[in-house]
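Below is one structure, written out as structure tokens; comments come after it.
The values are calculated or read from the model by the stated rules, or taken from the named source; none is laboratory data. From a predicted model like this one, the values you see are computed outputs, not experimental measurements. Counting neighbours? That spans all protein chains shown, and the Cβs are built from the backbone with ideal geometry, glycine included. Ligands, DNA and RNA are excluded from the accessible area calculation, which covers all protein heavy atoms including side chains. Shrake-Rupley method; radii C 1.70, N 1.55, O 1.52, S 1.80 Å.
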Amino acid sequence: MPVLIDEPASVQLIVGAQWGDEGKGKIIDLLSERARMVVRFSGGDNAGHTVVNPHGEFKLHLVPSGIFYPDVTCILGNGVVVNPGSLLAEIDDLHKHGVDAARLFISDRAHLIMPYHLVLDGLEEKRRGAKAIGTTLKGIGPAFTDKVARQGIRAGDLLNKTTLRSRLAELLDLKNAIITRVYGAPALSLDQVYDEYSGYADRLAPRVRQTEIMLHDAIARKEAVLLEGAQGTLLDPDFGTYPYTTSSSPLAGNACIGAGLGPGQIDHVIGVAKAYSTRVGGGPMPTELKDATGELIRERAHEFGATTGRPRRCGWFDAVAVRFAARLNGFSSIALTRLDILDIFPSVKICVAYRAGGKTIDHFPSDTDLLERCEPVYEELHGWQTPTERSRQFGALPAAAQKYVERIEKLIGCPAGIVSVGARREETIVVNPLPA
Ligand code: IMO
Ligand code: MG
């Protein structure tokens, strides 16, 4: 049985089980109480992790959600791409709200998002036309592309301005050629970009470290560590709905590479899944509801992107997709969030299979066109039509809500360790012992 928060000296990994926006921020904030270190290992400021706690409501994009506890060290690992401007804005905003980010460090191996990445993200999206991915336009794809193409600039380069300038000069030549000659857009100025980043270097240099060593030391001291996932499994470039994906792997396996530890050092993998489905941006989503029910979920849950403000596409829980996520990540348990949103419905549906071309499909297809044609096969359960936000124990939930959670556990093959019934820390049920 996975122990969730009563085992301080462990490494726990928190991963999104759907298309992102599952409520990872709340779960990390909650689990951080017992942690000494929280490490982001993937993505960048395309993430939007909402945390509601006694300090207020925060939408964190880069800063790990453990920042609200003064004795937690927060790390942006090597697997993250960092936009220094947005990071500093976030640090300043936290400071304004009385939250001290002095214990936030950045891996010197983490790649930087540069102004041309933002420009190219926009130009590439425009070029895709009707097939646009619907990216967050934060430059994430172009930055990860440059990392793999070995033409990136890393946080460590902020420590030496001579290197920074010469590296930038060399790369900007190439980027400007693409921007002007392929896209016919205006070139960026070397002096302007350098001056901007030189300013960031002054402010961020003291935070740039070899963070994997800090992580190794914390593990050696048997401190509790949380690895904070961003995005969600179905946005993974390999296993998600390619090409409608993000550009770094949100999967459990990538936590090792993006933070700098081995698989055997991770004790628990917690998948975070919403009690229904959402997706923002393009690409297939079999349970999307383009009707009044979808609208009702969006309104009740305020399903608008934390990063871009776009309305999120909403639909019923997709057990085929989350079972796939449970297997890909090896979840020890899931945290099922936002159960309270379903409180008003006379009946609730769970997608248990897909149908396409007269065939029933019980797995998540790799063929994105096929997935686009898939119709959900639903199982309909009784709703509970009772508020759940005050429930603090699993047994206190309405019987129909308990059945809903238990049915999900059975379908995805993984126990629910946490059930969340509201945004605030206390609106949480730790299911312990776990229901059968
Ligand atoms: P959190 O961490 C939801 C989506 C974008 C787009 C696709 C590619 O809050 O769960 P990108 O800018 O990454 O190149 O966009 O991925 N996307 C997210 N959707 N939550 C996120 O993060 C996301 N990060 C990226 O909407 O469809
Ligand atoms: Mg988000």
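A few remarks follow.
- Stretching residue 396 away from residue 302 to a fully extended chain increases their span by 31.3 nm, per 0.36 nm per residue minus the current alpha-carbon distance.
- With a simple spin-label model that places each label point 7 Å from the Cα along the Cα-to-Cβ direction, the separation between residue 203 and residue 327 comes to 4.7 nm.
- The range 302-436 - share of DSSP beta bridges that are antiparallel (%, nearest 5): 75
- Heavy-atom accessible area ranking, 1.4 Å probe, most first, across 291, 45, 238: 238, 291, 45
- Cα gyration tensor shape for the range 284-395, rounded if a/c is under 1.5, else prolate or oblate: prolate
- Of 174, 118, 339, farthest towards positive along the dipole that unit charges on Lys, Arg, Asp, Glu beta carbons give the chain: 174
- Summing Cβ point charges (Lys, Arg +1; Asp, Glu -1) relative to the Cα centre of the range 115-162 gives a dipole of roughly 60 debye.
- Per residue, in Å², the accessible surface of the chain once ligands and nucleic acids are set aside, probe 1.4 Å: 41
- Magnitude of the charge dipole, the range 291-427, Cβ model with Lys/Arg +1 and Asp/Glu -1, debye to 20: 260
- Less than 5 angstrom separates the built amide H of residue 355 from those of 361, 375, 377, all sequence-distant by 5 or more or on a different chain.
- Amide H contacts under 5 Å for residue 49, placed H, 5+ residues apart: 60, 61
- Only protein heavy atoms count here; on that basis, with a 1.4 Å probe, residue 214 has an accessible area of about 40 Å².
- Distant-in-sequence amide H partners of residue 38 (H built 1.01 Å from N, under 5 Å): 73, 74, 75, 226
- When DSSP beta bridges are restricted to pairs lying wholly in the chain, around 40% turn out antiparallel.
- Inter-centroid distance (Cα atoms) of the range 357-436 relative to the range 229-273, Å: 21
- Unit charges at the beta carbon, dipole of the range 350-436: most positive-side option, 398, 414, 365: 398
- Placing one equal scatterer on every Cα of the chain and applying the Debye formula, the log10 ratio I(q)/I(0) at q = 0.10 Å⁻¹ is -0.68.
- Using 0.36 nm per residue and subtracting the Cα-Cα separation, the extra length available between residue 267 and residue 191 on full extension is 22.6 nm.
- Note on the chain: with charges restricted to the Cβ of Lys and Arg (+1) and Asp and Glu (-1), its dipole about the Cα centre is near 380 debye.
- Among beta bridges from DSSP that stay inside the range 223-380, the antiparallel ones total about 65%.
- Cα centroid separation, the range 145-224 to the range 116-135: 22 Å.
- Gain on full extension, evaluated as 0.36 nm per residue between residue 430 and residue 216 minus their Cα-Cα distance, stands at 74.1 nm.
- Taking every protein chain into account, the 1.4 Å probe leaves residue 59 with about 100 Å² of accessible area, to the nearest ten.
- Among the listed pairs 126/161; 274/359; 59/126; 96/131; 290/359, those with a Cα-Cα distance over 30 Å are 126/161; 96/131.
- Taking a ≥ b ≥ c as the square roots of the eigenvalues of the alpha-carbon gyration tensor, the range 118-267 is classed oblate because a/c is 1.5 or more while a/b is no larger than b/c.
- 3J(HN,Hα) along the range 154-160, derived from phi through the Karplus expression 6.51 cos²θ - 1.76 cosθ + 1.60 where θ = phi - 60°, amounts to 9, 4, x, 5, 5, 7, 9 Hz, with x in place of Gly and Pro.
- Of the solvent-accessible surface of the chain, computed with a 1.4 Å probe and all protein chains present, 51% belongs to carbon and sulfur.
- Here the label points at residue 55 and residue 370, each 7 Å from Cα along the C-beta direction, are separated by 4.6 nm in the simple model.
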